[in-house]
Amino acid sequence: MFITELAAEGVRYSTIKSLLSAISYLHEFYECRNPTTTFMTGKLLLGIKRSQVGQPTKQCRPITVGLLDKLLRALPHVCDPRDIALYSSIFVVAYYGCMRLGELVLSTEVAHVALLEHLTLDWQDGLQPTFLLYLPSFKHSNGRRPTLRLHQHDKPACPVTWLATYLQQHGYGGHHLFLHLDGSPVTRRNVVDVLHRALTFLGMNAGEYGGHSSTRRPTPDFGQMGVKRL
């Protein structure tokens, strides 16, 4: 992705912002869809700003695309078989959306929980299914209300495949997007507990990972994710 390549080459945050402003102007001038205003672009810029400007962040290791695949394979060994699709969906949506776990499930910040009514299925070019998750509120939103596009791909951690499997198993009832089989909302503590159990099963130090791990990853990871250039 253009932004992550610039960051990997050591280009400063202020320069990247200036370049994006120029790109934005051209897209607006020619009345084209502006890629600089997307949810993912905002998340990338926030991460670059924090890493370069030195804003304080919670210290935790990132979940990479390789680790995500391992976590999905570990879930059958650490949770109820009926919950595999549930937690797989949470992990992959948090990963591909660069979102904190507390922005998807119930936590102390109730306003940021993902709701079922905000999830819709779209068919890109009439062929490829894409889930659209509307985000009316999330941390550092600054009043923006973007829509996260989750595309289908052929890798094990496909968000469309896991979300479809979860919804088929759990149905479409309830207010929150992610629910236990008894209808109670999944909490941040539930997800972090399963994450830590999976990491322990993999022989890793679970204490190095937490709710923010899904928001961090090395620059090469975006290429493996299939993120397209601007």
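Can you compute the FRET efficiency between Ser18 and Leu132 using 1/(1 + (r/R0)^6), with r the Cβ-Cβ distance and R0 = 25 Å? Round to the nearest 0.05. Could the numbers behind the result be given before it?
Values: r = 31 Å, r/R0 = 1.22.
Using R0 = 25 Å, I get an efficiency of 0.25.
Once phi is turned into ³J(HN,Hα) by the Karplus curve 6.51 cos²θ - 1.76 cosθ + 1.60 with θ = phi - 60°, what whole-Hz value does each residue of the range 191-205 show in order, with x for glycine and proline?
Working through the residues one at a time gives 5, 5, 4, 5, 4, 5, 5, 5, 5, 4, 4, 7, x, 9, 7 Hz.
No lab work stands behind these numbers, since they all come straight from the coordinates. This one's a predicted model, so the numbers in the text were calculated from it and none came from an experiment. Please note: Cβ atoms are built from the backbone with ideal geometry, for glycine as well, and neighbour counts cover all protein chains shown.
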